Amino acid sequence: MFKIAKEFQFDACHMLDGHNKKCHNLHGHTYRLLVEIKGDLIDNGSSADMVMDYADLKAIVKQHIVDPLDHAYLYNQNNPNECRIASLLKEMNRKIFAFPCRTTAEGMSKFIFDCLSQYLPISMIKLWETPTSYCEYHRSEK
């Protein structure tokens, strides 16, 4: 079993409505995302002796995560205040992206893991919210 990983970056804004510190306010981050996949080596063809071609990994993550989130307002679809801001931005033809959870590094990491698991053999997601703060998410081995 091998593991390979690729790193990505995107910029986005969010707020944590109801949080009792400064992240209660609308603010932005340059997120850094590490996507790790696991698998056996491919037996033949142009990708022989690879888990996956990094270009294929990049295309999938870009399509399903980076492109939708980059330069978007990320919001919790279950929070009325965050939804009000999203509605206004949508009216103004601005980019928004709804999460089914709070847009904490923890919630976003699990969402990204679950989303990419539909397309890739994901073993771990690491999401940096700042250069010194990150969340790592992986499922427990059973």
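The values are calculated or read from the model by the stated rules, or taken from the named source; none is laboratory data. All figures in this text were calculated on a predicted structure; none of them were measured in a lab. Backbone-built Cβ (ideal geometry, glycine too); neighbour counts: all protein chains shown.
Remarks
- Looking across region 96-120, the residues that are under 22 Å from ASP11 (Cβ atoms) and either small (Gly, Ala, Ser) or in contact with a Leu (Cβ under 8 Å, 6 or more places away or on another chain) (or both) come down to ILE96, PHE97, ALA98, PHE99, ARG102, THR103, THR104, ALA105, GLY107, MET108, SER109, ILE112.
- Taking region 5-51 as the range and being over 30 Å from ASN78 (Cβ atoms), free of Cβ contacts under 8 Å to residues at least 60 places away in the same chain and out of contact with any strand residue (DSSP E or B) (no Cβ under 6 Å at 6 or more places or on another chain) as the test, the residues that pass are ASP40, LEU41, ILE42, ASP43, ASN44, GLY45, SER46, SER47, ALA48, ASP49, MET50.
- Lone qualifier among LYS22, LYS62, LYS38 - being charged (D, E, K, R) and within 16 Å of the chain's Cα centre (by Cα): LYS62
- Residue in region 22-51 that is nearest to GLN118 (Cα to Cα), counting only those that are at pLDDT below 95 and among the aliphatic types (A, V, I, L, M): VAL51
- Residue check, SER140 modelled with pLDDT under 95, among the polar types (S, T, N, Q) and not in a strand (DSSP E or B): yes
- Test: residue in region 18-35 that is in a helix (DSSP H, G or I) and crowded, with 18+ Cβ neighbours inside 10 Å: no
- Residue check, PHE113 among the hydrophobic types (A, V, I, L, M, F, W, C), touching a residue at least 12 places away in the same chain (Cβ under 8 Å) and in contact with a Pro (Cβ under 7 Å, 6 or more places away or on another chain): no
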